[in-house]
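Notes to accompany the following structure.
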Amino acid sequence: EPEVTQTPSHQVTQMGQEVILRCVPISNHLYFYWYRQILGQKVEFLVSFYNNEISEKSEIFDDQFSVERPDGSNFTLKIRSTKLEDSAMYFCASSEGWAGYTFGSGTRLTVV
Amino acid sequence: KNEVEQSPQNLTAQEGEFITINCSYSVGISALHWLQQHPGGGIVSLFMLSSGKKKHGRLIATINIQEKHSSLHITASHPRDSAVYICAVSIIQGAQKLVFGQGTRLTINP
């Protein structure tokens, strides 16, 4: 069964550092997403990406965040100047549209 | 106000019991998803519904569009069903992004 692959599974970073979270979506999917889940809270939408550009972003997705699809397979989330409150589980997902929604196993980011 | 509400927040049951988790939403949707999150954190898609009912093994999901309500049922529950079950909706005007409920933590005791 096709999978969405995320790396690393866990990252610890110093406050103020930049991190890049990586994702390989399912190859024939067209829509890509990043979500995050702060410990004990519900999953929240960050950004969606279609046709090589951002299709929608949440209020959380400010100038600190950026996404890229640097080649035909990878989809990255960059967080600049990390803050303690950025500590969370970050999930990548991809979909064919309304159907075929698949999540990665997540990257647990800890900012110290 | 939360757009997606689940009940109960926590549910503990004995092995073999019939389980029902409810989800209500307040917005127009194109689809409703039931997801499972295990203690390690990964999210697995169980069902996507836009109408009616779907069944997969011991899991059954139903949706009533008019009442804006969905239920997830587990028959003959087993300790391995212990997980957080999450309802999420695709909003009609929201591209394909999902809006999540807060989850229901299910514990099945042997």
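The values are calculated or read from the model by the stated rules, or taken from the named source; none is laboratory data. Just so we're clear, the structure is a prediction, and the values are computed from it rather than from any experiment. No Cβ is skipped: glycine too gets one built from the backbone with ideal geometry, and neighbour counts run over all protein chains shown.
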Does region A:65-79 include one or more residues that are among the polar types (S, T, N, Q), touching a Leu at 6+ places or on another chain (Cβ under 8 Å) and at pLDDT below 95? no
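I'd like to verify a number: residues in region B:37-53 that are touching a residue at least 24 places away in the same chain (Cβ under 8 Å) and closer than 19 Å to B:I91 by Cβ, how many?
Number satisfying all stated conditions: 2.
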Residue by residue through region A:16-44, note down the ones that are touching a Pro at 6+ places or on another chain (Cβ under 9 Å), outside any strand (DSSP E or B) and surrounded by 13 or more Cβ atoms within 10 Å (Cβ to Cβ). A:I26, A:H29
Checking the structure you have, find out if any residue of region B:12-24 is free of Cβ contacts under 8 Å to residues at least 60 places away in the same chain and closer than 27 Å to A:L46 by Cα. yes
The residue that is farthest from the other protein chains (Cβ to nearest Cβ), considering only those in region B:3-31 that are in a strand (DSSP E or B) and modelled with pLDDT under 95, is B:I29
Go through region B:93-104 and give me each residue that's modelled with pLDDT of 95 or more and within 11 Å of chain A (Cβ to nearest Cβ). B:F100, B:G101, B:Q102, B:G103
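Could you say whether any residue in region B:86-106 is over 28 Å from A:W34 (Cβ atoms) and surrounded by 16 or more Cβ atoms within 10 Å (Cβ to Cβ)?
Scanning region B:86-106, I find no residue that is over 28 Å from A:W34 (Cβ atoms) and surrounded by 16 or more Cβ atoms within 10 Å (Cβ to Cβ), so the answer is no.
Run down B:S71, B:S77, B:S90 and say which single residue is in a strand (DSSP E or B) and either within 25 Å of B:E15 (Cβ to Cβ) or away from every other protein chain (no Cβ under 14 Å) (or both).
Working: B:S77 fails: in a strand (DSSP E or B); B:S90 fails: either within 25 Å of B:E15 (Cβ to Cβ) or away from every other protein chain (no Cβ under 14 Å) (or both).
So the residue among B:S71, B:S77, B:S90 that is in a strand (DSSP E or B) and either within 25 Å of B:E15 (Cβ to Cβ) or away from every other protein chain (no Cβ under 14 Å) (or both) is B:S71.
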Residue that is over 22 Å from B:N2 (Cα atoms), more than 14 Å from every other protein chain (Cβ to nearest Cβ) and β-branched (V, I, T), where the choices are B:I60, B:I65: B:I60
